[in-house]
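Every read-out reported here was derived from the displayed coordinates using simple, explicitly stated rules and does not represent laboratory data. On a predicted model such as this, the values are computed, not experimentally measured, just so you know. Neighbour counts run over all protein chains shown; Cβ positions are idealised from the backbone, glycine included.
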Amino acid sequence: MTCAQARDYMATLLPLIADTPSDRDLVLAPPFTALSTMAEASKGSAVSLASQNVHWEDHGAYTAEISAEMLIELSVRYTIVGHSEPRKYFSESDEQINHRARCAQAKALIPIVCVGESDEQRERGEAERVIRRQVEQGLEGLDANKLVVAYEPIWAIGTGKTCESDEANRICGLIRSWVGATDLVIQYGGSVKPGNIDELMAMSDIDGVLVGGASLQPDSFARIANYQHN
């Protein structure tokens, strides 16, 4: 979104989430250019902000990268690292993702570390091995109490294919066991929409959702935020 679009979005969204239960954390991750606009528009609301990435150094010759201190200045609380798109398009490695997450935690930002397998990897029966490697390498040295893990099966993002709730829950449970932290917050991301949010949030090992396209319309995202307990 542009800054103008982000401002309009917030003006529509905020009334729709005014009565959202206070035990739910609502986080929006706009592009870097709209963070300042979102920060201003969300003051006094229940909305927290996340960045879509963060660099692993505080300063230096890293043209086009954004440091944690730049984000903190804009009241950002979370940062997404290891999303499937940077992994795919910019060849981000698990080591780089780990560096970003460690830097985030060192600066009191909460990293949302994304993991997930491709269609080809799942077809070859490699899903669990791939995800476990991403978890072990991406989360090395991190404090599980100041962390969110998001399982996003790449094959279920914008493809029309759906990861069944039971399967999503099974993978999230495996991630929890691999990390060895029962209180670890684990999200599911992959074609999350108003039509499946209630079922997803009824699962035992899914604590929240990482929403993609369905978050772009305020009424759609508000319905997801206001999911109903089954």
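Here are the numbers:
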{"item": "Beta bridges per DSSP with both ends in the stretch 3-225, % antiparallel, nearest 5", "result": "0"}
{"item": "Ordering of 128-138, 105-115, 55-65 by packing [mean C-beta count within 10 Å, highest first]", "result": "105-115, 128-138, 55-65"}
{"item": "Net length gained if the chain between residue 166 and residue 33 were fully extended (0.36 nm per residue, minus Cα distance)", "result": "44.1 nm"}
{"item": "The chain: relative contact order as a whole-number percent, Cα under 8 Å and 6+ apart", "result": "16"}
{"item": "Within a Gaussian network of the chain (alpha carbon springs, distance under 10 Å), most fluctuating of 203, 70, 38", "result": "70"}
{"item": "Prolate/oblate/rounded label for the chain (Cα gyration tensor, a/c 1.5)", "result": "oblate"}
{"item": "Cut-off 16 Å (backbone N to label point 7 Å along Cα→Cβ of residue 88), residues of the stretch 203-217", "result": "211-214"}
{"item": "Choice from 218, 15, 30 showing the highest fluctuation, given a GNM over the chain with Cα pairs closer than 10 Å", "result": "15"}
{"item": "Cβ-based charge dipole, the stretch 3-225, positive-most Cα from 82, 200, 64", "result": "64"}
{"item": "Projected label distance in nm at residue 25 and residue 62, using a 7 Å step from Cα toward the beta-carbon", "result": "2.2"}
{"item": "Length released on extending from residue 199 to residue 75, taking residue separation times 0.36 nm less the Cα-Cα span", "result": "41.4 nm"}
{"item": "Euclidean distance between Cα centres, the stretch 89-152 to the stretch 187-230, Å", "result": "21"}
